[in-house]
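Have a look at the structure below, then the notes.
The values are calculated or read from the model by the stated rules, or taken from the named source; none is laboratory data. Not measured: the values here are computed from a predicted model. Reconstructed Cβ throughout: ideal geometry from the backbone, glycine too, with neighbour counts over all protein chains shown.
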Amino acid sequence: MPEKKPTQWRWRTVCSLIVGLGFLLLILGLSLYFFIIPFVVDSKIRENSQLLEGSRLMEEWKTPKYNMLFKLYVYSVKNPDEFMAGDKPVVTGMGPYTFREKMEHKVIGVKDGKVKYKIISNYHFDPELSCLTCILGNRVWVPNMIYQKFVEAASTPGMEAAATTLLSQTAFLEVEVGELLFDGYKDPFLDKVCDIPFMNFVCDSILDLPDRIGFFFEKNNTIGSTFEISDGSQSVETLGRVLTWNDKSILDESWWSSKDARILRGSAGALFPPFIKKQDRLWVFVEQLCRSIYLDFEEEIEYKGIPAYRFVLPASVFDSSLNENKGFCNPTEKRFFSSQGESDDCWPKGLLEISKCQRSQPPIIISLPNFLYADDEVSQSVVGLNKSEVARDSIIVDIEPRTGVVLKAQRRSQVNIEMWKGKDIKFPANLKKMKSSIVPVLIVHEDVEIDNNSLNMLRSELIETERLALIVAKFFMFVGFLTLIVGFVLTFYWMGVFNSCLSRHGVHNIDPLPNYVPKNGVEKI
């Protein structure tokens with residue numbers, strides 16, 4: 001017995017060490033997997049989600065390296081005379097006219113957790129990415145917006161004399177695509193009309209008509225509006241949130257009919273906060289629409305090996321029948337569709353009037369391409385558009401949810417011009433025959449995609465590093481579990497559990513042989 005004690009002590013010590021090591025490795029692996037690695041990743045993301053001077057985020061945000069394409073499809077009216085006689089407008093599309101876009105955020109002030117900046121955008125026409133026949137010298141027939149402004153003026157009590165100017169103008173103009181977009185065109189009738197006595201006052205003071213007209217006139221390589229956003233230093237959840245636009249914390253009262261509609265919500269679209277959840281609603285202030293819109297989660301996707309969330313613009317954003325959108329309805333006496341009642345100032349579903357927030361208040365209606373989500377009455381009022389498709393015609397953002405990095409985005413819109421016949425206008429005669437309509441002139445496709453360098457950096461610094469760390473954690477868990485099993489097996493062996501099992505189920509279950517007894521007493525040898 002004394003000789004066995006050292007052996008028993010060694011067995012007990014070895015088994016205890018093996019079991020303890022197994023527990024240690026298992027706990028270490030579990031701690032790494034569920035607590036330490038997520039905490040380190042979370043802390044690193046928070047550290048890098050602050051728009052501070054000298055930070056990498058600031059430098060990348062100032063001059064984004066994203067691949068940005070600005071594609072435009074221009075629609076020409078094929079039947080201007082027939083339209084003025086009462087027919088539906090018939091349009092034909094040309095495009096895409098593709099421009100490469102570069103953007104710069106020019107910082108003009110950093111203070112108290114806020115960054116103030118201006119946007120500088122540059123557009124360069126790329127014939128290689130455009131359609132074979134697409135040149136900026138192509139000519140198209142489009143509604144004459146100046147003509148429509150005088151129709152509005154002539155429909156205003158006390159300004160009926162403005163109808164005389166309509167005799168000197170045409171309802172449609174033929175212009176070059178380049179002029180319609182960035183260069184701007186000069187209305188051939190404007191000088192003649194504005195020289196008429198009394199009309200010069202109307203042109204300069206009431207209508208505030210520009211010298212040149214173009215949808216993106218003076219928008220190329222020029223300094224744009226002033227934004228002030230949160231830098232995320234106080235709370236990363238506020239990173240990129242728009243605080244003021246052109247030094248205003250709320251939009252102008254004349255633009256929308258309710259205070260709620262005029263509130264600045266969300267980011268400017270270039271910067272989103274980290275830790276985005278599926279149930280979150282992504283708000284974006286869109287300067288071109290003079291309002292904030294929202295995107296809702298649609299599905300989980302994978303972008304070039306990186307898990308991402310897809311957020312899309314729901315149909316409810318442009319649904320004027322919802323109470324939340326009543327503030328985007330402005331008083332008007334214009335009527336284009338039967339769904340517009342006499343007392344209803346709202347446009348049908350799928351349409352948004354933005355004239356109030358533009359210089360000269362041009363008669364512009366914004367919709368999604370091909371009248372996506374609009375009422376059938378709207379989509380059937382024009383001949384020549386494609387059938388709408390959500391994947392092609394909607395606004396979609398694919399985003400890496402933990403960092404808030406935009407991987408891919410598409411912004412879509414359709415620019416339409418009001419062609420209103422006016423009210424109580426006696427001449428020209430063709431206005432009486434014309435049916436008030438909205439005419440599509442432009443579809444805009446903006447495509448943004450993360451550049452390869454930024455994508456590889458995101459993949460190596462977050463995805464692959466985290467994956468490697470989790471593999472190490474799983475390895476510790478596996479080795480710890482395996483070590484525990486070995487330790488318990490050795491412990492049971494030392495305790496004799498296996499021997500007792502063998503004795504109980506093996507040898508002790510076999511009856512012993514009887515003692516040998518000779519027949520005649522003691523056996524002789």
(message) Can you find a residue that is assigned to a loop (DSSP other than H, G, I, E, B) and either surrounded by 17 or more Cβ atoms within 10 Å (Cβ to Cβ) or at pLDDT below 95 (or both) anywhere in region 31-46?
(response) no
(request) From 3, 101, 82, grab the single residue that is more than 17 Å from residue 239 (Cα to Cα), touching a His at 6+ places or on another chain (Cβ under 9 Å) and either at pLDDT below 95 or not hydrophobic (A, V, I, L, M, F, W, C) (or both). (result) 101
(message) Criterion first (aromatic (Phe, Trp, Tyr) and out of contact with any helix residue (DSSP H, G or I) (no Cβ under 8 Å at 6 or more places or on another chain)) does residue 283 satisfy it?
(response) yes
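Look at region 290-303 and say how many of its residues are within 24 Å of residue 463 (Cβ to Cβ) and either of a type in the set (D, E, K, R) or buried (at least 19 other Cβ atoms within 10 Å of the Cβ) (or both).
Residues meeting the conditions: 5.
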(message) Return the residues of region 167-188 that are out of contact with any helix residue (DSSP H, G or I) (no Cβ under 6 Å at 6 or more places or on another chain) and either among the aliphatic types (A, V, I, L, M) or without any contact (Cβ under 8 Å) to a residue 12 or more places away in the chain (or both); say none if nothing qualifies.
(response) 167, 173, 175, 177, 180, 181
(request) Could you figure out which of (1) outside any strand (DSSP E or B); (2) more than 30 Å from residue 171 (Cα to Cα); (3) among the polar types (S, T, N, Q) isn't true of residue 148? (result) (2)
(message) Could you check region 225-283 and list, in sequence order, the residues that are charged (D, E, K, R) and at positive phi?
(response) 247
(request) Report the residue count in region 456-470 for those that are more than 23 Å from residue 65 (Cα to Cα) and aliphatic (A, V, I, L, M). (result) 3
(request) For region 364-385, indicate whether the set of residues that are touching a residue at least 40 places away in the same chain (Cβ under 8 Å), of a type in the set (Phe, Trp, Tyr) and in the same structural domain as residue 140 (by TED's automatic domain parsing) is non-empty. (result) yes
(request) Only residues that are out of contact with any Leu (no Cβ under 8 Å at 6 or more places or on another chain), within 29 Å of residue 405 (Cβ to Cβ) and in contact (Cβ under 8 Å) with a residue 40 or more places away in the chain: list them for region 239-264, please. (result) none
(request) Could you tell me whether region 34-48 includes any residue that is in contact (Cβ under 8 Å) with a residue 24 or more places away in the chain and aromatic (Phe, Trp, Tyr)? (result) no
(request) Could you check how many residues of region 285-338 are of a type in the set (Val, Ile, Thr), over 30 Å from residue 467 (Cα atoms) and within 12 Å of the chain's Cα centre (by Cα)? (result) 2
(message) Which of the numbered conditions does residue 393 fail, given that it passes all the others? Conditions: (1) touching a residue at least 40 places away in the same chain (Cβ under 8 Å); (2) crowded, with 19+ Cβ neighbours inside 10 Å.
(response) (1)
(request) Give region 248-289 a look and list any residue that's touching a Pro at 6+ places or on another chain (Cβ under 9 Å), of a type in the set (A, V, I, L, M, F, W, C) and surrounded by 17 or more Cβ atoms within 10 Å (Cβ to Cβ), or say none. (result) 270, 276
(message) List the strands (runs of 3 or more DSSP E) inside region 252-315, counting only whole elements, that have at least 3 residues being under 25 Å from residue 348 (Cα atoms) and not aromatic (Phe, Trp, Tyr).
(response) 281-286, 291-303
